[in-house]
Amino acid sequence: MLDTRTLRATQYAWMADDPAIYLNAASVGPMPQAAVDVADRWSAMRARPHALPFQDMLDSAATARAQFAALVGADAEEIALMPNTTYGLNLAARALPLRPGVILTFDGEFPSCVYPFQALGSRGVELELVPRVHGLPDEDTLVQAIAQRDDVVAVVVSWTQFASGYVADLARIGHACRARGVFFIVDGIQGCGVRPIDLHALPVDIFASGAQKWQLGPWGTGFVYVRRELVTTLQPFDVGWACMKRSTDYTRLTDYEFDFFDDARRFEVVTLAYQDFAVANASTALLLELGVANVAAHIEALTGRIVDWAQSRRDVRLVTPPEPARRAGVVSFVPAALDAMAARLTAAHVSHTVREGAIRLSPHVYNTAAEIDAVVGVLER
């Protein structure tokens with residue numbers, strides 16, 4: 001069980017005096033004090049670059065790869081550092097050896113799961129949306145299409161849907177893909193850090209995430225996991241100096257040798273945001289210390305209170321699946337008077353958002369049961 005009181009006192013002291021109840025981690029996760037301290041220290045060093053050891057820069061990147069790998073059950077050699085989830089999905093769209101055919105995704109996906117793949121039309125690859133059922137992804141139809149159609153070359157889905165909070169069964173979809181030789185691509189940003197995952201135990205080919213939401217890191221930090229067997233078979237679609245073995249010797253950079261790294265660093269094209277990844281490392285270390293399973297259990301208890309409230313109201317339609325196995329940290333619901341309810345939440349200093357015609361609440365590890373009770377009180381007015 002998590003000690004939320006101590007966590008708030010040490011990492012989120014501002015919450016004791018700020019009237020806000022922050023329930024918007026699905027948009028931006030507030031950085032813990034440990035990360036803020038690292039940001040301050042690195043900013044001071046960056047102001048005087050001669051005081052910033054070069055090895056610290058390299059170490060921040062190496063630590064980020066190792067910690068992101070630990071977060072998702074992968075090896076550091078399978079992790080490439082990226083500025084965001086979308087860049088990792090573009091890697092999948094452009095580097096995978098896709099034959100002409102169809103890529104399947106769910107209708108209602110976040111646009112990053114749509115646009116990079118719609119751009120493949122010139123290669124004879126078309127994106128097809130599987131219609132929703134009762135507003136949620138239709139896994140049965142997706143799996144059936146994978147099994148029965150010969151034109152499916154890849155599937156791309158979000159692990160957790162941004163608007164509904166629906167959690168996809170990655171094992172079921174992945175096994176269906178593997179049985180047919182179909183590439184399986186996952187957008188993991190809405191689940192990574194708040195729901196346990198073991199990518200080595202799942203038939204996932206590429207998994208992309210950003211650290212600015214549930215991972216509580218800064219903007220501009222993320223990663224892509226590329227299954228080990230695929231790493232050296234994929235031809236990087238962007239090529240720069242940083243992805244070559246020869247570039248590790250900064251004293252002989254003009255001894256050109258076109259030879260990519262043998263691990264996922266081959267997809268890291270340019271100079272990395274070392275400072276930002278150092279900050280992200282502090283946030284990831286906190287999540288690993290707390291234990292993702294413990295974080296997930298805490299969030300499940302909090303979201304369960306909101307789900308119970310929504311189901312108790314005849315004038316509220318719950319969008320998020322009520323089953324704990326099918327939701328992560330997002331709870332979305334449609335009240336009879338959405339604008340009025342959103343206005344009440346704003347007036348009560350409850351940070352939330354409206355997505356796809358529904359109010360979306362997304363509590364995290366720093367939230368308490370008392371806060372959720374207070375929010376439910378606002379919703380009841």
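When the residues of the range 9-35 are filtered to those that are part of a helix (DSSP H, G or I) and free of Cβ contacts under 8 Å to residues at least 60 places away in the same chain, the one that is nearest to the chain's Cα centre (by Cα) is Q33.
Residues being out of contact with any His (no Cβ under 9 Å at 6 or more places or on another chain), free of Cβ contacts under 8 Å to residues at least 40 places away in the same chain, assigned to a loop (DSSP other than H, G, I, E, B) and of a type in the set (D, E) are represented in the range 220-239 by at least one member.
Here the condition is being touching a Lys or Arg at 6+ places or on another chain (Cβ under 6 Å) and modelled with pLDDT under 95; of P203, P236, it holds for P236 alone. In a residue-by-residue description of the range 249-268, the property of being of a type in the set (K, R), within 17 Å of V226 (Cβ to Cβ) and either touching a residue at least 40 places away in the same chain (Cβ under 8 Å) or open to solvent by 30 Å² or more (accessible area, probe 1.4 Å) (or both) applies to at least one position.
Among the residues of the range 125-181, the ones that are of a type in the set (S, T, Y) and surrounded by fewer than 22 Cβ atoms within 10 Å (Cβ to Cβ) come to 1 in all.
Counting residues that are surrounded by 22 or more Cβ atoms within 10 Å (Cβ to Cβ), which helices (runs of 4 or more DSSP H) fully inside the range 292-381 reach at least 3?
292-312
Before we move on, is V114 open to solvent by less than 10 Å² (accessible area, probe 1.4 Å) and either modelled with pLDDT of 95 or more or touching a strand residue (DSSP E or B) at 6+ places or on another chain (Cβ under 7 Å) (or both)? So that I can check it myself, show each step before the final result.
Numbers: open to solvent by less than 10 Å² (accessible area, probe 1.4 Å): no; either modelled with pLDDT of 95 or more or touching a strand residue (DSSP E or B) at 6+ places or on another chain (Cβ under 7 Å) (or both): yes.
Against the criterion (open to solvent by less than 10 Å² (accessible area, probe 1.4 Å) and either modelled with pLDDT of 95 or more or touching a strand residue (DSSP E or B) at 6+ places or on another chain (Cβ under 7 Å) (or both)), V114 does not qualify.
Restricting the range 60-86 to residues that are assigned to a loop (DSSP other than H, G, I, E, B) and open to solvent by 40 Å² or more (accessible area, probe 1.4 Å) leaves a set whose member that is farthest from V270 (Cα to Cα) is D75. Cβ-Cβ distances below 6 Å connect the following pairs, each with a first residue in the range 294-309 that is closer than 12 Å to P324 by Cβ, a second residue that is in a helix (DSSP H, G or I) and not aliphatic (A, V, I, L, M), and a separation of six or more residues or different chains: E300/P324. Are any of the residues in the range 226-244 closer than 29 Å to R132 by Cβ and either buried (at least 24 other Cβ atoms within 10 Å of the Cβ) or of a type in the set (D, E) (or both)? Checked the range 226-244: no residue is closer than 29 Å to R132 by Cβ and either buried (at least 24 other Cβ atoms within 10 Å of the Cβ) or of a type in the set (D, E) (or both). Could you list, in sequence order, the residues of the range 19-38 that are more than 13 Å from A280 (Cβ to Cβ) and open to solvent by 30 Å² or more (accessible area, probe 1.4 Å)? Residues satisfying the conditions are P19, Y22, V28, Q33, D37.
The values are calculated or read from the model by the stated rules, or taken from the named source; none is laboratory data. None of these values were measured; they are calculated from a predicted model. Here the Cβ is made from the backbone with ideal geometry for all residues, glycine too, and neighbour counts use every protein chain on show. Ligands, DNA and RNA are stripped out before the accessible areas are found, and what is left, the full protein with its side chains, is counted by its heavy atoms. Shrake-Rupley method; radii C 1.70, N 1.55, O 1.52, S 1.80 Å.
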